[in-house]
Amino acid sequence: AQKITQTQPGMFVQEKEAVTLDCTYDTSDPSYGLFWYKQPSSGEMIFLIYQGSYDQQNATEGRYSLNFQKARKSANLVISASQLGDSAMYFCAMRTNAGGTSYGKLTFGQGTILTVHP
Amino acid sequence: DAMVIQNPRYQVTQFGKPVTLSCSQTLNHNVMYWYQQKSSQAPKLLFHYYDKDFNNEADTPDNFQSRRPNTSFCFLDIRSPGLGDAAMYLCATMGARGMPEQFFGPGTRLTVL
């Protein structure tokens, strides 16, 4: 079974500072993908960044980077230079590459609410 | 350009009155998903389609049904909504090849009176 754990229910950060949101995962599948989504109060899930289990380098997308430590089974999201608009719920998710009836199924963590202070 | 569209954004229904939520996509993706998300919780997968192949999660109540008449559209039918079905319902799509992420619509927030 796949499991995603986000241990930080809430995080606070000062505007323009960097923040790290923690995510650990558990799977026996050697091939998997890790995702981070942002969900503002409006409700829409916004894709931020993806890391494949075989990717050698950590993924980066603008101000977002994923600190992938495979041996520790962690996939922390780092947001640099926080902005007020970054205040939202953040979900870590995992997809294993099981085909057939489980195609592309995502398992989500419980989320972390990030609040950016001016 | 909207890619995954959900209508309506807000839906109010009465206890026990059937309701249908709709989702459409302009991405021509093979896979479409329906998630239920209750307040301050993670999204929970209800079912998904790979083309016309329907896949139901084991713990999805029978009260929830889905239809996918063509590639672009997918519907969520709640036959007899209960108070516990009040939630945000998220539709998502994914291509069989190419980009690995799921693309989500804006969601429909369902209220049951």
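Between A:ASN67 and B:MET99, the simple spin-label model (points 7 angstrom out along Cα→Cβ) gives 2.8 nm. Within the same chain, aspartates and glutamates fewer than 8 places from A:LYS3 are excluded, and of the rest, those with a Cα less than 15 Å from its Cα are A:ASP22, A:ASP26, A:ASP29.
Select from the range A:22-118 those chymotrypsin sites (Phe, Trp or Tyr not before Pro) which occupy a DSSP coil region and have at most 10 other Cβ atoms within 10 Å, ordered by residue number. Could you put the intermediate results ahead of the total?
On the way: sites: A:TYR25, A:TYR32, A:PHE35, A:TRP36, A:TYR37, A:PHE47, A:TYR50, A:TYR54, A:TYR64, A:PHE68, A:TYR90, A:PHE91, A:TYR103, A:PHE108; in loops: A:TYR54, A:TYR103.
In loop regions of the range A:22-118 (DSSP not H, G, I, E or B), the sparsely surrounded chymotrypsin sites (Phe, Trp or Tyr not before Pro) are A:TYR54.
For the range B:12-113, trypsin sites (Lys or Arg not before Pro) meeting the loop criterion (DSSP other than H, G, I, E, B) and having at most 12 other Cβ atoms within 10 Å: B:LYS52, B:ARG97.
Report the extension gain between A:SER41 and A:ASP55 in nm, rounded to one decimal, defined as 0.36 nm multiplied by the number of residues separating them, less their alpha carbon distance.
1.8 nm
For chain B, the relative contact order works out to 38 percent when only alpha carbon pairs closer than 8 Å and six or more residues apart are counted. Around the amide H of B:THR111, modelled in the peptide plane, lie the amide H atoms of B:GLN11, B:VAL12, B:THR13, all under 5 Å away and 5 or more residues distant in sequence or on another chain.
Projected label points at A:THR5 and B:LEU113, each 7 Å from Cα along the beta carbon direction, are separated by 4.5 nanometres.
Across the range A:1-58, C-alpha contacts under 8 Å between residues 6 or more apart give a mean separation that, scaled by the residue count, equals a relative contact order of 28 percent. Quick one: grab the alpha carbon gyration tensor of chain B, order the square roots of its eigenvalues as a ≥ b ≥ c, and give me rounded if a/c is under 1.5, else prolate or oblate depending on whether a/b is larger than b/c. Judged from the Cα gyration tensor, chain B comes out prolate (a/c at least 1.5, a/b above b/c).
Annotation note: chymotrypsin sites (Phe, Trp or Tyr not before Pro) in the range B:1-88 located in DSSP loop regions with a Cβ neighbour count of at most 12 within 10 Å are B:PHE15.
Mean per-residue shielding of peptide B:101-111 is 4, counting Cβ atoms of other chains within 10 Å of each Cβ.
Where a number appears in this text, it was derived from the coordinates with a stated rule and is not lab data. Since we're looking at a predicted model, the values are computed, not measured. No Cβ is skipped: glycine too gets one built from the backbone with ideal geometry, and neighbour counts run over all protein chains shown.
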